[in-house]
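A short write-up of the structure that comes next.
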Amino acid sequence: MHIAVIGAGIVGITTAHELACDGHQVTVFERRSGVASETSFANAGILAPGYVTPWAAPGMLRKVLGQAWRRDAAVRLAALPGPALAAWLWRWWRACERPLYLANRSAMLALATISLARTREIAAELSIEHERTRGLLVLLRRGQELSQARTGLSLLADLGVRAATKSLHEKAQ
């Protein structure tokens, strides 16, 4: 089968590779002049399964509304929502409830862990040299951000991901 893959970021390239290994003829279409020049580039090449989280999360509605009028808002509506967008917003708001959020986060972590393992296999198979380290350093500016991070780290601990926090005013936990 001839399959088109749109986008030559890490997801597009690895998808194309897997499909080709499965015997398919694959063509990758990329609008930029090189690979990994948008989202994959902006993510600084970080593959961090423990750092995944659904966008529909507890407290997200308050966060989105709190920044709705800022110039750097994460979400903007170009017009008043019509029926389709209103229905989607309702489903998104429901998905922000803790039980569904936890289920979604668990599923995303499982997929990210499998993906990272496969990425390591591909790198070994193809003798791809790349920088790697264990862990991820996240710098936070305010105590409120540290509190939110601890909530997320607690959820990750429940899923078996090790993490630690340290502020300038305390010892590592």
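The values are calculated or read from the model by the stated rules, or taken from the named source; none is laboratory data. No experiment lies behind these values; they were computed from the predicted model shown. Ideal geometry is used to build each Cβ from the backbone, glycine not excepted, and the neighbour counts take in all protein chains shown. Ligands, DNA and RNA are stripped out before the accessible areas are found, and what is left, the full protein with its side chains, is counted by its heavy atoms. Shrake-Rupley method; radii C 1.70, N 1.55, O 1.52, S 1.80 Å.
Test residue 3 against the stated conditions and say whether it is in contact (Cβ under 8 Å) with a residue 60 or more places away in the chain and touching a Leu at 6+ places or on another chain (Cβ under 9 Å).
Values: in contact (Cβ under 8 Å) with a residue 60 or more places away in the chain: no; touching a Leu at 6+ places or on another chain (Cβ under 9 Å): yes.
The answer is no for residue 3.
For residue 98, the conditions (1) free of Cβ contacts under 8 Å to residues at least 12 places away in the same chain; (2) loosely packed, with under 13 Cβ neighbours inside 10 Å all hold with the exception of (1).
Just one of the numbered conditions (1) surrounded by 14 or more Cβ atoms within 10 Å (Cβ to Cβ); (2) in a loop (DSSP other than H, G, I, E, B) is not true of residue 17: (2). Per the conditions (1) part of a loop (DSSP other than H, G, I, E, B); (2) at pLDDT 85 or above; (3) not aliphatic (A, V, I, L, M), the sole criterion not satisfied by residue 53 is (2). Checked against (1) open to solvent by 80 Å² or more (accessible area, probe 1.4 Å); (2) closer than 30 Å to residue 13 by Cβ; (3) over 20 Å from the mean Cα position of the chain (by Cα), residue 139 meets all criteria but (3).
For the range 1-14, a tally of residues being modelled with pLDDT under 90 and surrounded by fewer than 17 Cβ atoms within 10 Å (Cβ to Cβ) returns 2. Among the residues of the range 114-136, those identified as open to solvent by less than 70 Å² (accessible area, probe 1.4 Å) and modelled with pLDDT of 80 or more are 115, 116, 117, 118, 119, 122, 123.
Residues in the range 94-115 include at least one that is within 15 Å of the chain's Cα centre (by Cα) and among the basic types (Lys, Arg).
Only residues that are part of a loop (DSSP other than H, G, I, E, B) and of a type in the set (A, V, I, L, M, F, W, C): list them for the range 123-152, please. If the condition is that a residue be part of a loop (DSSP other than H, G, I, E, B) and of a type in the set (A, V, I, L, M, F, W, C), then 126, 128, 136, 137, 138, 139, 140 are the ones that fit. For the range 38-46, state whether one or more residues are exposed (fewer than 11 other Cβ atoms within 10 Å of the Cβ), part of a strand (DSSP E or B) and of a type in the set (Val, Ile, Thr). No, every residue in the range 38-46 fails to be exposed (fewer than 11 other Cβ atoms within 10 Å of the Cβ), part of a strand (DSSP E or B) and of a type in the set (Val, Ile, Thr).
The residue of the range 63-105 that is farthest from residue 156 (Cα to Cα), among those that are part of a helix (DSSP H, G or I) and small (Gly, Ala, Ser), is 84.
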